[in-house]
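Chemist: Got a structure for you, written out below as structure tokens; questions coming shortly.
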């Protein structure tokens, strides 16, 4: 197995360039840190991973997420991966896990490559360079690395990147570069350096901190992705539909953990969130029309919207949401209901499609926007 | 609205269906359901609103697409054997592009068969007859047969012994059964093994008025006899609602002092037509446990233990104890 020395990734070997977020000048990258030749700011490496954020910033972000994530698991896994190997670390964790959520957390985010099925919607990427923004444990990065020239894996949670680093070192994967960054614009990448930028389950989280209106922050992120994409490059977004049919039946919003919050007007949702959670409602999701509008405003011209069913994280089907024939065929012929809710959906789908209701209330979107 | 792979296959689709309206292609992309976490395969249903038949494209996300090729070559082999009249859906093409290999097959008005009551019985009789015919037509007892069967045992044991989700007792049972089976390989012919033979793989092809058997990606050209039959019988019993799981159905139906009378009748017919050595059902049951455990681990990876795997390993342990090995 080829061992990669992540302590010494030469900048010249990477197919993209780091730039100073303040001066936009190309950074000098050494085995110790990255330095801006103009303003002399420095970004150190932490355990070999170039760090554009601090532990304080990471903590500030994670503390907002503490009710939906599982604190401590990432650190345990990363440490065990370093000492026992990543496979043994996962096996051991899985044996100790006591709840289905804990088991799912590991298997979904570290092993299920089929989550990357959306990449078939894109042109082949043999020579392409991808940015996995909000990569988590890197399951998408690892799958993209099988067919892309290089993948830059960015996340704000260091422990997850550390686990990914152990995994790529132990498996001899040379075309994935983990970077500790995010949550601050501009990103430390030069203009037009990626062929693909993916934000899977990320756009709704980028505005959780700060006082600026969430739409403005999300808009700024989309514009930033436009900047770092090459002409003809693609932005992929996986996100829930604000008006997904599950929410009408009382399903909790995956981000705020509140019922009906996505369906309410934003101001009402905010007051509701302040009342129940004691913090503002900032995890905005959108309808397809609203998302297309945001993307147009950010400069993207060609936008394609797909509907993953039952969701973008574990899609069983990907369809064109506007094609009635395809929707009918999916719900009537292909879908094998696994529970009462799915049986109910299958039964009412023909009518809902006929009156155009299902098209607007599909659970999530996969969006491809071309620069 | 396009799908990259469908776009890239348009020239091939035009060649295969020259009179079809190019703008009328539609697709639904699906991923493998259930526990097959490492088996990142994708099936794309492609149909043309202006014309039948529906095409099914299968490809891999992980680059490990040997199964894609395997499926096509197996069906070509069946076609070569002049078993065309019992072979649906039709394999259309194996298309290779830069990064993906696509297996393409066509369906004509296909619907899954119902497996309840009388319908289940008739489909079972048909399936067993089909299986026996194909196994007889493909059986080979030449000099290499023993070597082929032995190699399969070695491959399955090597998957099992490296799996971190199994206990040492389970791994040891697998080794013991493999050794016992290895000693008698010369008494068995090789047959074309489907490898995943159960009623969910049967489709009614209404226009052709026949039944199609799908999902040949795990097929083995020179495989063990009987294993497909065991899988069919135990899975059907499970699907009919008689048992909580397929391995449990397998244990109950086959591992009593004598197999269930109905099962015994099916087995007798199969045994006599393939001329298999007598009194080897229980050993082959152990081989089936070995195969199905190795297959599940290969599909799911060796990290996450699940009840499905545990039941299969129980099957192995039970077979060892039954054989008094």
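Any read-out appearing in this document is the output of simple, stated calculations on the displayed coordinates, not a laboratory observation. As the structure is a computational prediction, the values presented were derived from the model and not from experiment. Cβ atoms come from the backbone with ideal geometry, glycine included; neighbour counts cover every protein chain shown.
Chemist: Among B:218, B:97, B:204, whose mean-square fluctuation peaks in a Gaussian network model of chain B (Cα, cutoff 10 Å)?
Modeler: Of B:218, B:97, B:204, the most mobile in the Gaussian network model is B:97.
Chemist: Still on this structure, I have one more. So in the protein assembly as shown, what percent of DSSP beta bridges are antiparallel if you round to the nearest 5?
Modeler: 75
Chemist: What number, rounded to the nearest 500 deg cm²/dmol, is the helix-based mean residue ellipticity at 222 nm of chain B, given -39500 (n - 2.57) per DSSP H run of at least four residues and division by all its residues?
Modeler: Dividing the helical sum by the residues of chain B leaves -16000 deg cm²/dmol.
Chemist: Under a point spin-label approximation (7 Å from Cα along Cα-to-Cβ), what is the residue A:41-residue B:175 distance to one decimal in nm?
Modeler: Taking the two extended label points, one gets 6.0 nm.
Chemist: In the Gaussian network model of chain B, springs joining C-alpha atoms below 10 Å, which of B:166, B:94, B:16 carries the largest mean-square fluctuation?
Modeler: Of B:166, B:94, B:16, the Gaussian network model singles out B:16 as fluctuating most.
Chemist: Only Cα pairs within less than 10 Å get springs; with that Gaussian network setup on chain B, which residue of B:258, B:70, B:200 has the largest fluctuation?
Modeler: B:258
Chemist: How much length is gained if the chain between residue B:154 and residue B:111 is pulled fully straight, taking 0.36 nm per residue apart and subtracting their Cα-Cα distance, in nm to one decimal?
Modeler: Stretched fully, the residue B:154-residue B:111 segment lengthens by 11.7 nm.
Chemist: Further, regarding this structure: Starting from the Cα of residue B:126, step 7 Å along the direction of its Cβ; do the same at residue B:272; then give the gap between the two resulting points in nm.
Modeler: 2.5
Chemist: What's the FRET efficiency of residue A:339 with residue A:101 using the Cβ-Cβ distance as r and R₀ = 22 Å, to the nearest 0.05?
Modeler: 0.80
Chemist: Which value does Rg/Rh take for the stretch A:69-132 over its C-alpha atoms, Rh per Kirkwood?
Modeler: Using only Cα positions, Rg/Rh for the stretch A:69-132 is 1.09.
Chemist: When Rg is the radius of gyration of the Cα atoms in the stretch B:237-290 and Rh is its Kirkwood radius, what does Rg/Rh come to?
Modeler: My calculation of the ratio gives 0.98.
Chemist: Still on this model: State, as an integer percentage, the relative contact order of the stretch A:121-215 based on alpha-carbon contacts under 8 Å between residues 6 or more apart.
Modeler: So the answer I get is 31 percent.
Chemist: Test of understanding: what is the full-extension gain from residue A:248 to residue A:274, defined as 0.36 nm times their sequence separation minus their Cα-Cα distance?
Modeler: Values: separation 26, 0.36 × 26 = 9.36 nm, distance 2.14 nm.
Roughly 7.2 nm would be gained on extension.
Chemist: In addition: Taking the highest mean first, how do the peptides B:223-229, B:44-50 order by number of other beta carbon atoms within 10 angstrom per residue?
Modeler: Going from most to least packed, we get B:223-229, B:44-50.
Chemist: Determine, from the Cβ-Cβ distance of residue A:32 and residue B:265 and an R0 of 56 Å, the FRET efficiency 1/(1 + (r/R0)^6), rounded to the nearest 0.05.
Modeler: Using R0 = 56 Å, I get an efficiency of 0.15.
Chemist: Which number do you get for Rg(Cα) / (2.2 N^0.38 Å) in chain B?
Modeler: 1.03
Chemist: Now a separate question. Restricting things to Cα coordinates, could you compute the convex hull volume per residue of the protein assembly as shown in Å³?
Modeler: Convex hull volume per residue, Cα atoms: 168 Å³.
Chemist: Compute the Rg/Rh shape ratio of chain A: radius of gyration over Kirkwood radius, all on alpha-carbon atoms.
Modeler: 0.96
Chemist: How well do other chains shield peptide A:303-314, expressed as the mean number of their Cβ atoms within 10 Å of each residue Cβ?
Modeler: Numbers: counts 0, 3, 1, 3, 0, 2, 2, 0, 0, 0, 0, 2.
Mean shielding count: 1.
Chemist: With a point put 7 Å past each Cα toward its Cβ, work out how far residue B:16 is from residue A:357 in nm, to one decimal.
Modeler: Label-label distance for residue B:16 and residue A:357, simple model: 3.8 nm.
Chemist: Given R₀ = 45 Å, FRET efficiency for residue A:126-residue B:282 by Cβ-Cβ distance, to 0.05?
Modeler: FRET efficiency, residue A:126 to residue B:282: 0.30.
Chemist: Among rounded, prolate and oblate, which fits the stretch A:252-314 when a ≥ b ≥ c are the square roots of the eigenvalues of its C-alpha gyration tensor, a/c under 1.5 means rounded, and a/b larger than b/c means prolate?
Modeler: Verdict is oblate for the stretch A:252-314.
Chemist: Decide, for the stretch A:299-371, between rounded, prolate and oblate: order the square roots of the alpha carbon gyration tensor eigenvalues as a ≥ b ≥ c, take rounded if a/c falls under 1.5, and otherwise choose prolate if a/b is larger than b/c, else oblate.
Modeler: In terms of gyration-tensor shape, prolate.
Chemist: For n ≥ 4 DSSP H runs only, could you compute -39500 (n - 2.57) per run for chain A, divide by its residues and tell me the 222 nm figure to the nearest 500? Please list the in-between numbers first.
Modeler: Working: 12 runs with 129 residues, N = 371.
After summing the helix terms and dividing by residue count, I get -10500 deg cm²/dmol.
Chemist: How high is the relative contact order of the stretch A:169-241? Use alpha-carbon pairs under 8 Å, at least six apart in sequence, and give a whole percent.
Modeler: After rounding, I find 43 percent.
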